[in-house]
Amino acid sequence: MQPEDILQFADTLASGFSRYSLFQWVCGKQYDAAKMRLFWKVLIASFADRAICIADSKEVNSVLVYIRPKTKEPSVVEYLKVGGLTMLWKLGIRSIFRLLRIEYRVQQVAKRYRGENDGYIQAFATRLDKQGQNYGKPLIKALLHYLDLTGEGCYLETFKLENVGLYEHFSFQLKGRDAISSGNLTLYAMSLVRELRKNNQTHE
């Protein structure tokens, strides 16, 4: 990925998640698009070439960030190398602390439900002004095609109940839910197994 690609992806994610309760809580009383744009920029850049990013077009109305199974998570040091003091100053200690608290809970839930051969949807969002116009579904279909070729499973979590039905439409299964007292949030853990398709390819 080129730096300009990362900036576009980050901008789309910041717009797409602007009404997402998790990130509203992270920002405090009011969602801060600039803060979240920086957060996504640092996160995507930290994964560098370890992430697969799918966009709908050069305009990047919708973007999906997928992490392959057994990919090493960036360390705190790597995040700091990418974000530096700018991240600490612009995000603020309170927002960073809230992000770390949520990340800890997310990892604990993933240990229960994420399989060894599961990749991970790090982020998936459509720009706010493009939502409901089917920009995102082709990205999910593209990911499913990729999973068919590799035989990888896929794990994700969402904090929006209405998203559960969307993912179930694409054969993801709800594995569990976890109430998070911080921010009055509920995390929904979902996974997809592509073993049947993989086995069919093996016999072809």
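Name the residues of segment 72-97 whose amide N is less than 16 Å from a point 7 angstrom out from the Cα of residue 49 along the C-beta direction? Inside the label zone: 72.
What percent do you get for the relative contact order of the chain when only Cα pairs under 8 Å and 6+ apart count? Mind dumping the intermediate values first?
On the way: 293 pairs, mean separation 45.2, N = 204.
Relative contact order comes out at 22 percent.
Taking 16 Å as the straight-line reach from the Cα of residue 160, the aspartates and glutamates in range (excluding those fewer than 8 positions away in the same chain) are 168, 178. Put a dot 7 Å past the Cα of residue 4, heading toward its Cβ, do the same for residue 185, and the two dots end up 3.4 nm apart.
For the chain, divide the Cα radius of gyration by the Kirkwood radius and give the resulting Rg/Rh value with two decimals. Don't skip to the answer; put the middle values down first.
Details: Rg = 16.7 Å, Rh = 17.6 Å.
Taking Rh as the inverse mean 1/r over Cα pairs, Rg/Rh reads 0.95.
When 152, 73 are sorted by how many other C-beta atoms sit within 10 angstrom of their C-beta, beginning with the fewest, the order is 73, 152. Which entries in 29/70; 41/137; 81/141; 35/137; 35/58; 70/141 show an alpha-carbon gap greater than 30 Å? Listed pairs above 30 Å: 29/70; 81/141.
Hey, got the dipole for segment 63-204? About the Cα centre, +1 on K and R Cβ, -1 on D and E Cβ, debye to the nearest 20? Intermediate values should be presented prior to the final figure.
Working: 22 positive and 14 negative charges, 84 e Å.
The dipole magnitude comes to about 400 debye.
Hydrophobic long helices, here whole DSSP H runs in the chain with Kyte-Doolittle means of at least -0.5 and Cα atoms spread over 27 Å or more along the helix axis, are found at 93-113.
Only the coordinates and a few stated rules stand behind these numbers; no lab work does. Computed from a predicted structure; not experimentally measured. Quick reminder, even Gly has a Cβ in these numbers, built from the backbone with ideal geometry, and neighbours come from all protein chains shown.
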